[in-house]
Amino acid sequence: MFLRNPSYTNPEPCQHLAEYKLKHGFNGYKAIQKLLVISPIGKTSVKKPTTKVPRCSFCNGCEGRFYLCLICSSFSCLDHTLFHSQSETGHAVFVDIERAELYCGVCRDQLYDPDFDQVVMSKHSLGVGSGATRSESIGQRLIKRRKLVSGVGFDLQKSKCGVSTKDLRAKSCYPMGLRGLNNLGSTCFMNSVLQVLLHAPHFRDYFLSGGHRLEACHHRRTTDQMCLLCDVNAIFSAVYSGDRSPYSPAQFLFSWWQHSANLASYEQQDAHEFFISILDAIHEKDGKLWNSCKGNGDCQCIAHRVFYGLLRSDVTCMTCGFTSTTYDPCVDISLNLDTNVSSVEKGKKLSKRNEDGSMSTLSGCLDLFTRPEKLGSDQKLYCQNCQERQDSLKQMSIKKLPLVLSLHVKRFEHSFVKNCSRKIDRYLHFPFSLDMTPYLSSSILRARYGNRIYTFGGDESDMFSEFEIFAVVTHSGTLESGHYVSFMRLRNQWYKCDDAWITEVDDATVRASQCYMIFYVQKTMHNKANEDPSHVPNSPRRELFLPIAGCC
């Protein structure tokens, strides 16, 4: 699915930033520091005192992202930032005013510079912005967060300001394993999915019980390439170590870049695409060991044991009724948004509707997924019975359900006619308890053939078709500028995981979110999933967590 690049290493430093610092030093950084503004929640941005609404110096637009040139201090939108860096020699380095992060207009990528980071963090340590006590504690926490990412020391004890060491993100009463993940530069897509994997039943238990044998892995490794499974194991060890301070999965990020070189950049990526790629990488590594030991046809890797399902596709000739059946493995199910209320939801009071008055429900999306669809004239089936291409109907169903069910809501679409992409901002109503029986192949076939004597091909999925929700990944914002957040349900309490920040939320907050990926676990396993993971025994062969320099 994704190409592996064994020679891939950490990204090279930006030469344009190096040239800027060599010529101008830290003058631009010091000037930017005076324009930094700190919000009550600790978010840093750039704002000119005389400017209420930032506008592009070239087109006078006020929508989208804006960047400040470190040479001429001009504001510009993204398009004119790229134009400005090409038309003006040496004007390559900018500051994203919304995030207070460096951006190279020539490389068209975000930059990380420890010197600039220290300038931003020193603003926090001075408590400039909002009130003294809260701003100081937030500054202390953010300095610690940046320090974990970069490995750059910033001794607060030597600072003239006495900053509180209390970390409000590290609430001791939170369940074990609930730990914030630092944003390493537009990596909210990665953090939101990692939180799901860290608490997914069976997947979590596999790593906490020493399922990935580190000694055997190190012994078999013949190249210098990083082992993705070892880095996943390190994240589990760190998150479940009892330390509540936010963790920086930098080593894992570099390892993932090696396995998915086409996605290796500091740009925002799609959370669903990351989810697929990480399971594919785990399957590639873990599957070789387990499948060579088992010797049967079923893959025994942990990714497939937890997320593997089987879809059935029936294509029926509309002339003679001949049906061609194929089976496709899957680790998730992608659903189109439906505007009709399903039969399952009829009679229920669904309060939240979309702007056009319509309503989308998860049951309606699943109905749409399993509804018979007439194929177009260019997709005619070659009927073996008629011996020619005929009009046909296609119907999808679920042959085998996984232990953990992942449902992906298609919120991004591309129009080939208009040659543009857009995000679908429709609200979707999803239940916390989900019965998948109506969408199983056995149920679809019974509905199709009625009471005829027929082998419907039912299996154990029929007995384990009830699921409970345990995680939701949401996307807010636009297609060009968005943010991913995950909600975790642990011990029947919802928690919002927004990168390094962990907060308790109620059911209504989760239901009102713009869900992008929804994760359910089989109901029979739901009680075990709510148990304290500290009960999971550690393998005597399991390597203890060792801090990685510059990461934790």
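Remarks
- Of all residues in region 360-393 being hydroxyl-bearing (Ser, Thr, Tyr) and in contact (Cβ under 8 Å) with a residue 24 or more places away in the chain, the one that is farthest from residue 448 (Cα to Cα): 360
- Selected residue (criterion: modelled with the highest pLDDT) from residues of region 301-354 that are among the aliphatic types (A, V, I, L, M) and assigned to a helix (DSSP H, G or I): 306
- When the residues of region 355-381 are filtered to those that are in a loop (DSSP other than H, G, I, E, B), modelled with pLDDT under 90 and not aliphatic (A, V, I, L, M), the one that is farthest from residue 431 (Cα to Cα) is 380.
- Extreme residue, surrounded by the fewest Cβ atoms within 10 Å (Cβ to Cβ), among residues of region 234-261 that are out of contact with any helix residue (DSSP H, G or I) (no Cβ under 8 Å at 6 or more places or on another chain) and of a type outside the set (S, T, N, Q): 242
- Given (1) assigned to a helix (DSSP H, G or I); (2) exposed (fewer than 15 other Cβ atoms within 10 Å of the Cβ); (3) at pLDDT below 80, number of the condition residue 79 does not satisfy: (3)
- Among (1) of a type in the set (Ser, Thr, Tyr); (2) at pLDDT below 85; (3) not in a loop (DSSP other than H, G, I, E, B), the one test that residue 172 misses: (3)
- Close pairs (8 angstrom Cβ cut-off, 6 or more residues apart or separate chains): open to solvent by 20 Å² or more (accessible area, probe 1.4 Å) in region 100-111, β-branched (Val, Ile, Thr) anywhere: 101/95; 103/81; 103/93; 103/95; 111/93
- Among (1) modelled with pLDDT of 90 or more; (2) of a type outside the set (A, V, I, L, M, F, W, C); (3) surrounded by fewer than 19 Cβ atoms within 10 Å (Cβ to Cβ), the one test that residue 199 misses: (3)
- Per the conditions (1) outside any helix (DSSP H, G or I); (2) at pLDDT 55 or above, the sole criterion not satisfied by residue 189 is (1).
- Pick from region 94-116, criterion of a type in the set (A, V, I, L, M) and in a loop (DSSP other than H, G, I, E, B), ranking: modelled with the lowest pLDDT: 100
- The listed residues are 423, 394, and the only one of them that is open to solvent by 40 Å² or more (accessible area, probe 1.4 Å) and either within 30 Å of residue 317 (Cα to Cα) or under 23 Å from the mean Cα position of the chain (by Cα) (or both) turns out to be 394.
- Filter result for residue 506 (at pLDDT below 90 and surrounded by fewer than 13 Cβ atoms within 10 Å (Cβ to Cβ)): no
- Among (1) buried (at least 19 other Cβ atoms within 10 Å of the Cβ); (2) modelled with pLDDT of 85 or more; (3) closer than 26 Å to residue 361 by Cα, the one test that residue 523 misses: (1)
The values are calculated or read from the model by the stated rules, or taken from the named source; none is laboratory data. The structure presented is a predicted model; accordingly, all values stated were derived computationally and were not measured. Glycine gets a Cβ as well: all are built from the backbone with ideal geometry, and neighbour counts include every protein chain shown. Accessible surface is based on the protein model in full, side chains and every heavy atom, while ligands, DNA and RNA are left aside. Shrake-Rupley method; radii C 1.70, N 1.55, O 1.52, S 1.80 Å.
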